[in-house]
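Only one structure is covered here, and it is reproduced in the block below.
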Amino acid sequence: VKVLLTGGSGFIAAHIVDILIQHGFDTVFTVRSADKGKRILDNHPDTPKEKLSYVIVKDVAQDGAFDEAVKSDPPFDYVLHTASPFHFNVQDPVKDFLDPAIKGTTGILKAIKAHAPTVKRVVVTSSFAAIVNPKQHPKVYSEKEWNPVTWQEALDHSNVYRASKTFAEKAAWEFVEKEKPNFDIATINPPLVFGPIVHYLNSLEAINTSNQRFRNLIQGQMKEQLPPTGIFIYVDVRDVALAHVRAIEVPEAGGQRFFVTAGYFTNKEIVDIARKTHPELESKLPAKDSPSDLPSDIYKIDNSRSKDVLGIKYRPFEETVSDTISSLQEVGA
Ligand code: NDP
């Protein structure tokens, strides 16, 4: 059984590659350059090239970007689409975010419909960003909720990442409804993703966006004052990666969104765990009595679909924090 995975160089995708191999799938991933592709293959020296290889897709926003990548012999059975920009360095909201997120998603679906009739399902990495309603949280967050962001609001730099994920996911569901293609889709909607890094890193400066608070903590940048937690829900990257693979393995996953979250966290909890599991960091950590900023009236979260349908058992936060710190220490934090 053969899978195409886009954005193979990404933080989450690196874990998806590991799980696809473990579960016996033949995997082809896309990267923007041969250099990146080779580095990833070098990290899997024991995997034969029939089981793992790459194709180059330079920019997912270009028309026809995936037309060649989706053709393969033997042909693909499933596609996992993770490639999408996630950073906060906004220059041009449309060119940097909205185009690659939306056109990247519709582009791959069009390419599959036109050139890959054997594909049965496409799993799209969406986000809690496509669920959250930051101006008015509902009582309970579940797959039923949609971010109500408008195109006008999307152009504001502070909204554009969340909007890009919202419009991209909407475009995917609309495509399936209108085009009635040969495949169904499922979306994976994680909040902040933490966890160990298994992808090649040039430097800690290039660390993926959602792990940045761990780098800052280890480097002592939180010592004077614990920064606000911001978003209070998280998931471990290994659980998100497994959810993607389960979404192709479980027939009933088709046509569904999956809100994959392990639960609440605060920066204070991260520090408390770090103090216990990595005592050598003591001099870099803020004071023991730093207050928790978890609001007492925080919204509820319902992750039951991910557990019931995909069978995800979420890791405890202590494991996530400890493994993330250890993995950053290995790359020199
Ligand atoms: P990374 O930044 O590590 O991965 C993003 C991937 O997308 C990289 O492989 C990157 O390639 C690729 N990419 C970005 N823009 C383009 C483009 N224009 N053309 C081709 N490839 C492109 O982030 P994550 O692994 O965290 O994110 C993966 C997915 O998960 C994204 O869809 C993101 O929105 C989603 N997500 C992430 C969350 C998180 O907390 N991490 C939370 C919720 C959703 P390159 O390496 O060459 O830049």
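Only one entry in D59, D63 is at negative phi, in a loop (DSSP other than H, G, I, E, B), in contact with a Gly (Cβ under 9 Å, 6 or more places away or on another chain) and more than 11 Å from the ligand (Cβ to nearest atom), namely D63.
Given the residues S296, S327, S290, S304, which is the only one that is closer than 19 Å to L192 by Cβ and of a type in the set (G, A, S)?
Values: S296 fails: closer than 19 Å to L192 by Cβ; S290 fails: closer than 19 Å to L192 by Cβ; S304 fails: closer than 19 Å to L192 by Cβ.
Only one candidate passes the filter, namely S327.
Step by step: first the residues of region 173-195, then only those that are within 12 Å of the ligand (Cβ to nearest atom) and of a type in the set (A, V, I, L, M), then the one that is farthest from T229 (Cα to Cα). Which residue is that?
Residue satisfying both the conditions and the ranking: I188.
Residue count for region 33-43 satisfying the condition of being over 20 Å from the mean Cα position of the chain (by Cα) and either within 11 Å of the ligand (Cβ to nearest atom) or in a helix (DSSP H, G or I) (or both): 7. Pairs meeting the criteria (first residue in region 59-88 and over 13 Å from G104 (Cα atoms) and of a type in the set (F, W, Y), second residue part of a loop (DSSP other than H, G, I, E, B) and within 15 Å of the ligand (Cβ to nearest atom), beta carbons under 8 Å, at least 6 apart or on different chains) are F76/V70; F86/N208. For beta carbons closer than 7 Å, sequence separation of 6+ or different chains, a first residue in region 272-284 that is of a type in the set (D, E) and a second that is assigned to a helix (DSSP H, G or I), the qualifying pairs are E282/R275. Tallying residues that are touching a strand residue (DSSP E or B) at 6+ places or on another chain (Cβ under 6 Å) and within 11 Å of the ligand (Cβ to nearest atom) within region 212-232 yields 1. Candidates I131, I108, I112: the one that is surrounded by 14 or more Cβ atoms within 10 Å (Cβ to Cβ), among the hydrophobic types (A, V, I, L, M, F, W, C) and more than 15 Å from the ligand (Cβ to nearest atom) is I112.
Quick grid of which residues meet (1) of a type outside the set (G, A, S); (2) closer than 15 Å to V122 by Cβ; (3) over 18 Å from the mean Cα position of the chain (by Cα):
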residue: T6; (1), (2), (3): yes, yes, no
residue: G10; (1), (2), (3): no, no, no
residue: F66; (1), (2), (3): yes, yes, yes
residue: P75; (1), (2), (3): yes, yes, yes
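Report yes if I298 is touching a residue at least 24 places away in the same chain (Cβ under 8 Å), more than 30 Å from A168 (Cα to Cα) and either basic (K, R) or in contact with a Phe, Trp or Tyr (Cβ under 8 Å, 6 or more places away or on another chain) (or both), otherwise no.
On the way: touching a residue at least 24 places away in the same chain (Cβ under 8 Å): yes; more than 30 Å from A168 (Cα to Cα): no; either basic (K, R) or in contact with a Phe, Trp or Tyr (Cβ under 8 Å, 6 or more places away or on another chain) (or both): yes.
It is false that I298 is touching a residue at least 24 places away in the same chain (Cβ under 8 Å), more than 30 Å from A168 (Cα to Cα) and either basic (K, R) or in contact with a Phe, Trp or Tyr (Cβ under 8 Å, 6 or more places away or on another chain) (or both).
Pairing each residue of region 27-47 that is aromatic (F, W, Y) with any residue that is surrounded by fewer than 18 Cβ atoms within 10 Å (Cβ to Cβ), provided the two are 6+ apart or on different chains, yields C-beta distances under 9 Å for F29/S53. Selection of region 247-287 for residues being buried (at least 23 other Cβ atoms within 10 Å of the Cβ), assigned to a helix (DSSP H, G or I) and within 16 Å of the ligand (Cβ to nearest atom) yields A247, I270.
Kindly provide the set of residues from region 292-333 that are assigned to a loop (DSSP other than H, G, I, E, B) and out of contact with any strand residue (DSSP E or B) (no Cβ under 8 Å at 6 or more places or on another chain), ordered by number. Outline the logic, then answer.
Kept after step one, since they are assigned to a loop (DSSP other than H, G, I, E, B), are these residues of region 292-333: 292-299, 302-303, 309-316, 331-333.
S292, D293, P295, S296, D297, G311, I312, K313, P316, V331, G332, A333 - these are the residues of region 292-333 that are assigned to a loop (DSSP other than H, G, I, E, B) and out of contact with any strand residue (DSSP E or B) (no Cβ under 8 Å at 6 or more places or on another chain).
When residues in region 44-56 are screened for being assigned to a loop (DSSP other than H, G, I, E, B) and farther than 14 Å from D18 by Cα, 2 of them pass.
Here's the yes/no breakdown for (1) within 11 Å of the ligand (Cβ to nearest atom); (2) crowded, with 16+ Cβ neighbours inside 10 Å:
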{"site": "Q22", "(1), (2)": "no, no"}
{"site": "V28", "(1), (2)": "no, yes"}
{"site": "V31", "(1), (2)": "yes, yes"}
{"site": "E50", "(1), (2)": "no, no"}
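Taking (1) surrounded by fewer than 22 Cβ atoms within 10 Å (Cβ to Cβ); (2) within 12 Å of the ligand (Cβ to nearest atom); (3) among the small types (G, A, S) in turn, A154 satisfies each apart from (2). Checked against (1) closer than 17 Å to N189 by Cβ; (2) aliphatic (A, V, I, L, M); (3) not in a helix (DSSP H, G or I), A241 passes all but condition (3).
Report whether or not F88 is of a type in the set (F, W, Y) and not in a loop (DSSP other than H, G, I, E, B).
Working: of a type in the set (F, W, Y): yes; not in a loop (DSSP other than H, G, I, E, B): no.
No: the conditions fail for F88.
Taken together, the values in this text are just the output of simple stated rules run on the coordinates, not laboratory data. Keep in mind that this is a model prediction, so the values were computed, not measured. Here Cβ is always computed from backbone atoms with ideal geometry, including for glycine, and neighbour counts include all displayed protein chains.
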